[in-house]
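Single-structure report; data block below.
Nothing in this text is a laboratory measurement; each read-out follows from the coordinates by a stated rule. None of these values were measured; they are calculated from a predicted model. In this analysis, Cβ positions are derived from the backbone assuming ideal geometry, glycine residues included, and neighbour counts consider all displayed protein chains.
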Amino acid sequence: MAELASADADGAGMQADLERDLASLQADWGRMQSELLLSEPHDRSSAIVFFFNDTGGTESQDWAEMLLRMYLRWAEGHRYHTEILDQTEGE
């Protein structure tokens, strides 16, 4: 379709229609993809996630904090409610 629009003398109108349709399809695709990811019976249930920094010193502690921050930001971006139940600060 894009090739036809570029070859046509009045292809600008067709190109705009194609871009609008593409944006609509991409939005629908994103919505359907999310629905498929969260379509199982237990997907709406709560989850508890643990991060441990057993051994490894400061690097291990930093990595656990980065993972926690990453998952919290992801959850916020997807409008999930998060709550930190327990956290032990390192040195």
Scanning the range 74-90 for residues that are surrounded by 11 or more Cβ atoms within 10 Å (Cβ to Cβ), under 30 Å from Gly30 (Cα atoms) and not polar (S, T, N, Q) gives Trp74, Ala75, Glu76, Tyr80
How many residues are surrounded by 10 or more Cβ atoms within 10 Å (Cβ to Cβ) and in a loop (DSSP other than H, G, I, E, B) when one looks only at the range 50-73?
-> 3
Ser24: polar (S, T, N, Q) and under 16 Å from His78 (Cβ atoms), yes or no?
-> no
